[in-house]
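Engineer: Here you go, one structure.
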Amino acid sequence: MSGQRVIALLGRPDAPTDAVEEYCRYLGEALLAEDFELIIERVDWNATGWTRAANALRSLAKGWRGTWVLVQYTALAWSARGFPLLFPRVLKTLKAAGARLGVVFHDVEPYSGTRVIDGLRRRAQLRAMLEALRLSDAAVFTVPMENISWIKRQPSKGYFIPVGANLPTSSEANSRKGISTGGKLSVAVFGITGGQAGRKEIENIVEAVQFAASRVGNLRLIVLGRNTQSAETELRSRFHDTAVELHVLGVLPAEDVVRSLSVSDVLLFVRGHISTRRGSAIAGIACGLPVIAFEGPETAAPVTEAGLALFSPRRKGDLGDVLVRVLEDEHYRASLAQRSWLAQRQHFSWRAIAARYAEFMRREK
């Protein structure tokens, strides 16, 4: 027998993978154990235009009175260029239909940038987020609210729920990590940012892995996820004639991502500071890996309870030094892996995440 119906409402789809849709799918599977049935719907304004999409939403929403509708917010899901000016209209349509409105903030801060257009975009996003918070019956944030710059006073209807890994992880896969018994050590990188930021990430990865290879011998570097195939030529050029065995796998099915991470010994995360909304870093935690990363404004518990080995991006060579320490010290590496497994089970598993959603949806009646 199906449980209480919940709607997850998304904007336009992302490509080549849609992390928000995957998030909703895994959340929905876990919510079944809490007696909730999550149904995914879209306002696909990008395909039909806003007028037709708004009319279709009004028609659907007539059947959602009293139903929780969890609207998934990222700026680009509701605007091609990150100006989500029409997003509040979506929320007002749902309120007018009598839905119980939840907003899930996957973007928790407006975009940065120093150009005039960046300032205008930032103001538009901030206005949309403030209005979404005002209209919502419950607001879910993927980082602690005290770490969000535009929230001056924590709202009683606000809930902090970290993201989970969009992967079919299991306790068997996570708990298998232990002290290495020998063989070539593997470093995993899950996703590279596009553009100039991605080139900087490649530089950091190459420098650290080459240094580590000079200290610990042959290494295997496994690079997978978004934008990795476009980085393959540069990576192969940089690692040519080195003691690094390079595997560039690109975007993989979720099961293959788990398999690739689970045979690795450490995850190298350089895509900005680590936080509870960084899905590619949480993927390493979910697979029981030590995660090498750096701190930032959103770095807070419970991600700090995982097996993190932190480096300073301001200290030249520190990433390589930290990587060497993790690779050379098997007992240290195993202790970090164990911490990641415990954090996954307590905080980042879909079972734990679904329980927190169920708690507020039952409470806010």
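Engineer: Are there any helices (runs of 4 or more DSSP H) wholly within the range 1-68 with 3 or more residues that are over 23 Å from R89 (Cβ atoms) and out of contact with any strand residue (DSSP E or B) (no Cβ under 6 Å at 6 or more places or on another chain), and if so which? Quick ask: steps written out before the conclusion?
Structural biologist: On the way: elements: 19-31, 45-48, 50-61.
Result: 19-31.
Engineer: Quick one: which of S280, S275, S264 is closer than 30 Å to W68 by Cα, assigned to a loop (DSSP other than H, G, I, E, B) and touching a residue at least 40 places away in the same chain (Cβ under 8 Å)? Break it down stepwise before answering.
Structural biologist: Working: S280 fails: assigned to a loop (DSSP other than H, G, I, E, B); S264 fails: closer than 30 Å to W68 by Cα.
On inspection, the qualifying residue turns out to be S275.
Engineer: Only one residue in G164, G98 is over 30 Å from W341 (Cα atoms) and of a type outside the set (F, W, Y). Which one?
Structural biologist: Details: G164 fails: over 30 Å from W341 (Cα atoms).
Going through G164, G98 in turn, just one is over 30 Å from W341 (Cα atoms) and of a type outside the set (F, W, Y): G98.
Engineer: Take the conditions surrounded by fewer than 19 Cβ atoms within 10 Å (Cβ to Cβ), of a type outside the set (F, W, Y), modelled with pLDDT of 95 or more and over 22 Å from K95 (Cβ atoms) and apply them to V163. Does it pass?
Structural biologist: Numbers: surrounded by fewer than 19 Cβ atoms within 10 Å (Cβ to Cβ): no; of a type outside the set (F, W, Y): yes; modelled with pLDDT of 95 or more: yes; over 22 Å from K95 (Cβ atoms): yes.
It is false that V163 is surrounded by fewer than 19 Cβ atoms within 10 Å (Cβ to Cβ), of a type outside the set (F, W, Y), modelled with pLDDT of 95 or more and over 22 Å from K95 (Cβ atoms).
Engineer: So in the range 113-149, with the set limited to residues that are in contact with an Asp or Glu (Cβ under 7 Å, 6 or more places away or on another chain) and open to solvent by 30 Å² or more (accessible area, probe 1.4 Å), which one is nearest to L70 (Cα to Cα)?
Structural biologist: Restricting to residues being in contact with an Asp or Glu (Cβ under 7 Å, 6 or more places away or on another chain) and open to solvent by 30 Å² or more (accessible area, probe 1.4 Å), the top hit is D137.
Engineer: Considering each of A132, A47, A138, A33 in turn, give the residue that is over 25 Å from T276 (Cα atoms) and of a type outside the set (S, T, Y).
Structural biologist: A47
Engineer: Pull up the range 88-112, narrow it to residues that are under 28 Å from G164 (Cβ atoms) and assigned to a loop (DSSP other than H, G, I, E, B), then point me to the one that is most open to solvent (accessible area, probe 1.4 Å).
Structural biologist: S112
Engineer: Do we have K184 as modelled with pLDDT of 95 or more and exposed (fewer than 15 other Cβ atoms within 10 Å of the Cβ) here?
Structural biologist: For K184, the condition - modelled with pLDDT of 95 or more and exposed (fewer than 15 other Cβ atoms within 10 Å of the Cβ) - is not met.
Engineer: While we're on this one: Given the condition surrounded by fewer than 18 Cβ atoms within 10 Å (Cβ to Cβ), modelled with pLDDT of 95 or more and polar (S, T, N, Q), answer yes or no: does some residue in the range 291-305 qualify?
Structural biologist: yes
Engineer: Report, by residue number, each residue of the range 205-260 that is open to solvent by less than 20 Å² (accessible area, probe 1.4 Å) and in a loop (DSSP other than H, G, I, E, B).
Structural biologist: G225, T228, A231, F239
Engineer: Still on this structure, please answer the following. Exactly one of these conditions fails for F190: (1) open to solvent by 20 Å² or more (accessible area, probe 1.4 Å); (2) at pLDDT below 95; (3) within 25 Å of K316 (Cα to Cα). Give me its number.
Structural biologist: (2)
Engineer: What helices (runs of 4 or more DSSP H), lying completely within the range 316-365, carry at least 3 residues that are out of contact with any Phe, Trp or Tyr (no Cβ under 9 Å at 6 or more places or on another chain) and surrounded by 17 or more Cβ atoms within 10 Å (Cβ to Cβ)?
Structural biologist: Numbers: elements: 318-328, 330-343, 350-363.
Here the list reads 330-343.
Engineer: Additional query: Kindly indicate whether any position in the range 10-29 is in contact (Cβ under 8 Å) with a residue 12 or more places away in the chain, open to solvent by less than 50 Å² (accessible area, probe 1.4 Å), farther than 20 Å from K62 by Cβ and polar (S, T, N, Q).
Structural biologist: Yes, the range 10-29 contains a residue that is in contact (Cβ under 8 Å) with a residue 12 or more places away in the chain, open to solvent by less than 50 Å² (accessible area, probe 1.4 Å), farther than 20 Å from K62 by Cβ and polar (S, T, N, Q).
Engineer: Right, next: Quick one: count up the residues across the range 268-290 that are open to solvent by less than 10 Å² (accessible area, probe 1.4 Å), of a type in the set (G, A, S) and over 20 Å from V104 (Cβ atoms). I'd like the intermediate steps shown before the answer.
Structural biologist: First, the residues of the range 268-290 that are open to solvent by less than 10 Å² (accessible area, probe 1.4 Å): 268-269, 274-276, 281-290.
Going one step further and asking which of them are of a type in the set (G, A, S), we end up with 275, 281, 283-284, 286, 288.
Still in the running and over 20 Å from V104 (Cβ atoms): 284, 288.
The qualifying residues number 2.
The values are calculated or read from the model by the stated rules, or taken from the named source; none is laboratory data. Here the structure is a predicted model, which is why all the values come from computation and not from measurement. Quick reminder, even Gly has a Cβ in these numbers, built from the backbone with ideal geometry, and neighbours come from all protein chains shown. Note: accessible area is taken over every heavy atom of the protein model, side chains too, but ligands, DNA and RNA are not part of it. Shrake-Rupley method; radii C 1.70, N 1.55, O 1.52, S 1.80 Å.
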